[in-house]
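The values are calculated or read from the model by the stated rules, or taken from the named source; none is laboratory data. Quantities reported herein were computed from a predicted structural model and do not represent experimental measurements. Backbone-built Cβ (ideal geometry, glycine too); neighbour counts: all protein chains shown. These area figures cover heavy atoms from the full protein model, side chains too; ligands, DNA and RNA do not enter into them. Shrake-Rupley method; radii C 1.70, N 1.55, O 1.52, S 1.80 Å.
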Amino acid sequence: SQYIPLLEFYGGGIPLVSPSYASSEACFGINLKPLSNPFDVSYTFLPNIAYFEFLPVNKDGGGKAQVTRTIDKPVDLANVKLGQYYEVVVTTLAGLYRYRVGDVLRVTGFYNKSPQFQFVERQNVVLSIDADKTTEEDLSKAITNAKLILEPFGIMLTAYSSYSDTSSTPGRYVLFWELKMKDSNVLPKLDVKIMEQCCCIVEESFDFTYKSLRKGGAISGLELRVVKRGSFDELMDFYISKGASISQYKPPCCLKSEEAIKILNSGTVGKFFSPKTMS
């Protein structure tokens, strides 16, 4: 979803079509209304592709993934309920048995008797320091909020990644951003105050646990590193050289490989930090 604004910019009004909901585990469903707004797409599940089960989940508070809890035993495809949230579980002929994909879905309707689901969030934790657990969805929402500051200046965020830097105490989260001007591929002039404001917005978008640890000094201020154009292309080349599929590759939202971190560090042209304290 983080690429939808970028695709709309380059598409110039051409409809964006998400034909299917699929992964390396299985093809889960298809989009029967291909011209729907990408943010509103629901996928009709295909019952003959794999054996699907669903773990009902309780969406506490603002629906943060880290407070999403399994509240019951899994149910099969025929017994999901309209409006309920579920985590999908898949068993396949290839050998997966009750594999938890990590995606949280919401039932939006039925086509004949096959349920239709809307993707809500991915539960996998990507950043972690001390007691804080930040998910891919949390990170995406925080960055979406922050990049709005750049739009009035004609600056686009084309790719991002992150990692948990624990080389010093306390540790901090580090973001890598690749930026460009909307009307050219030129790296924009980076204003320190604006970039620091982006850092602050990202932190303010995180949950209560992160803010508490930040205020208590258990986590240092977030660091934002802007990289030169082409740095994420180099990152793609690295992962493909290690065996990643070029047809399924997308920039990892969190880096675990020291080699990958070095690639983006080598392309860093600016470093910015959130203020030492949070209000």
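Listing for the model above:
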| quantity | calculated |
| --- | --- |
| Angle in degrees between helix 136-147 and the longest Cα principal axis of the chain, rounded to the nearest 10 | 50 degrees |
| Separation in nanometres of the label points that stand 7 Å from Cα toward Cβ, at F208 and F39 | 2.7 nm |
| Relative contact order (%) - the range 106-203, alpha-carbon pairs under 8 angstrom, separation at least six | 21 percent |
| Overall form of the range 154-200 per C-alpha gyration tensor (a/c, 1.5; a/b vs b/c) | prolate |
| The chain - mean residue ellipticity at 222 nm from DSSP helices (-39,500 (n - 2.57) per run, n ≥ 4, rounded to 500) | -6500 deg cm²/dmol |
| Rounded, prolate or oblate (a/c below 1.5 giving rounded, otherwise prolate when a/b exceeds b/c) for the range 125-273 by Cα gyration tensor | oblate |
| Centroid-to-centroid separation of the range 210-263 and the range 155-207 [C-alpha atoms, Å] | 11 Å |
| Relative contact order [Cα under 8 Å, 6+ residues apart], the chain, whole percent | 13 percent |
| Apportionment of accessible area to carbon and sulfur, the chain, percent (1.4 Å) | 54 percent |
| Convex hull projection area averaged over all views, the chain, Cα basis, nm² | 16.1 nm² |
| Accessible area per residue, Å², the chain with all protein chains present, probe 1.4 Å | 53 Å² |
| Relative contact order of the range 125-273, defined on C-alpha pairs under 8 angstrom at six or more residues apart (%) | 28 percent |
| Principal-axis tilt of helix 192-205 within the chain, Cα atoms, nearest 10 degrees | 30 degrees |
| Antiparallel DSSP beta bridges within the chain, percent to nearest 5 | 90 percent |
| Under 23 Å from K180, Cα to Cα: lysines that are on another chain or at least 8 residues apart | K141, K147, K189, K193, K228, K250, K262, K271 |
| Length gained when the stretch F110-N145 is fully extended (0.36 nm per residue, less Cα-Cα span) | 9.3 nm |
| Candidate aspartates and glutamates for bridging to K215, where Cα separation is under 17 Å - those fewer than 8 sequence places away on the same chain excluded | D130, D132, E203, E204, D207, E223 |
